[in-house]
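The values are calculated or read from the model by the stated rules, or taken from the named source; none is laboratory data. Because the structure is predicted, anything quoted here is derived from the model rather than measured. Here the Cβ positions follow ideal geometry from the backbone for every residue, glycine too, while neighbour counts run over all protein chains shown.
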């Protein structure tokens, strides 16, 4: 009897941790973050970004990563936090495109 109770409590605990963990996962944000990082590196490697532009974009990346960590800190990323992160990602993406396609001299 005790084994059955313990087993059911264990299953319930595992289910709750899985649910709680699922709410802090941000796979789309992670994928976009990785993609944007690759775009910045590509711009640097192919001479499309100046040092200053690459520095600014990397700082924006760091700020986005910090905001993502702060959003996950309480164990739940709310709809408003996701919207804010998505807005920041869109702004970073726009800046990457703008810097890569302007006519400044590259290094």
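A few notes on this one:
- Residues that are exposed (fewer than 11 other Cβ atoms within 10 Å of the Cβ) and not in a helix (DSSP H, G or I) do occur in the stretch 81-101.
- Residue match in the stretch 41-63 (condition: part of a helix (DSSP H, G or I), at pLDDT below 70 and surrounded by 10 or more Cβ atoms within 10 Å (Cβ to Cβ)): no
- For the residues 3, 19, the requirement of being more than 21 Å from residue 79 (Cα to Cα), surrounded by fewer than 10 Cβ atoms within 10 Å (Cβ to Cβ) and modelled with pLDDT under 90 singles out 3.
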